[in-house]
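The values are calculated or read from the model by the stated rules, or taken from the named source; none is laboratory data. Computed from a predicted structure; not experimentally measured. Glycine gets a Cβ as well: all are built from the backbone with ideal geometry, and neighbour counts include every protein chain shown.
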Amino acid sequence: MITVDLAAAPLRDLNRRLHSLPANTNERAWRITNPKGAHNIAVGLTQGIEVTIDGHVGYYCAGMNQRAHVTVNGECGWGIAENMMSGVVRVKGNASQAAGATGHGGLLVIEGDAGARCGISMKGIDIVVGGSVGHMSAFMAQAGHLVVSGDAGPALGDSIYEAVLYVQGRVASLGADCIEKEMTGAHQAALARLLEQAEITADATRFRRYGSARKLYHFHTDHADAY
C-alpha cells in the first residue's frame, strides 16, 4: 500500500499521481492521511484502484469517479461523488449537502446521515444512506435508486422523473409529482440486493417505495400553479 501524508505532500501532486497511473498499474492500494478537510481529494479517478482516506474531507471528494473504490474514514463536505460514473464511494461518517449529485452510475454508500439535496439530479447512480437525509433529496432525480434507512426531510423527490426511492423511516413531506407506490416482492428483492451490496443492515420489508406520478412531464396551462 502506498501512503501519502497530506501534511507533507501537496494535494495537487497526489491527484496528479493518481491521474497518471497506467491501466496496467500495480500501484492499486493507496492510503491518504491527514486530509484535514481538504477539498477535491481523489477527484477524476479512472483506474480500478482502492483509495482509503483516513480523516475528514471537504468539498467534492471522489467527484467524477470511474471504477475506483474510495473509502472516507470520516465525515465529508458538499458534493461527495458528484457526477460519479462507476465504482464505489463509501463514507463511514456523515455527508453534507448534494451527495452523489448528477451521478450517472456506480454505488455511493453513506453510513451516517446525509444533508439536503442528497441525490439531486441523479442519472443512474445508486445511493444507500444508513441514516437520514435532508430536505429536497432526489430533487429532479432521473434514474437510479436512493435508499434511506432513516428518515427523509421535506420535499422528497420533488420533480422526480424515473428514479426509485426507498425510505424506511418517516418522510416529512413529498415534493411535487412524487407519490408513494406499491412495494412488491420484486421491489423488496431488488432493495435487499442493494442493501447487501452496500453492507447496510436493514429489513427490506420495512421500507416504502416512492416515485413519479408522471403528471409534470408536459406543461399544461391548467396546472401552472403546480410548477
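Among the residues of the range 22-73, just one is modelled with pLDDT under 95 and among the aliphatic types (A, V, I, L, M), namely 23.
Going by the conditions given, is residue 173 within 20 Å of the chain's Cα centre (by Cα), among the hydroxyl-bearing types (Ser, Thr, Tyr) and closer than 21 Å to residue 117 by Cβ? In short, no. Within the range 145-179, restricting attention to residues that are touching a Ser or Thr at 6+ places or on another chain (Cβ under 8 Å), buried (at least 24 other Cβ atoms within 10 Å of the Cβ) and of a type in the set (Val, Ile, Thr), the residue that is nearest to residue 102 (Cα to Cα) is 160. Within the option set 44, 37, 58, being free of Cβ contacts under 8 Å to residues at least 60 places away in the same chain and touching a helix residue (DSSP H, G or I) at 6+ places or on another chain (Cβ under 9 Å) holds for one residue only, 44. Of all residues being in contact (Cβ under 8 Å) with a residue 40 or more places away in the chain and assigned to a loop (DSSP other than H, G, I, E, B) in the range 116-137, which is surrounded by the fewest Cβ atoms within 10 Å (Cβ to Cβ)? Just the residue, please. Per the criteria, the residue is 130. Pairs linking a residue in the range 3-23 that is surrounded by 11 or more Cβ atoms within 10 Å (Cβ to Cβ) to a residue that is in a loop (DSSP other than H, G, I, E, B) and small (Gly, Ala, Ser), with Cβ atoms under 6 Å and 6 or more positions apart or on different chains, are 11/38. Within the set of pairs 6 or more residues apart or between chains, which connect a residue that is without any contact (Cβ under 8 Å) to a residue 24 or more places away in the chain inside the range 171-196 to a residue that is of a type in the set (S, T, N, Q) with Cβ atoms less than 8 Å apart? Close Cβ pairs satisfying both conditions: 188/205.
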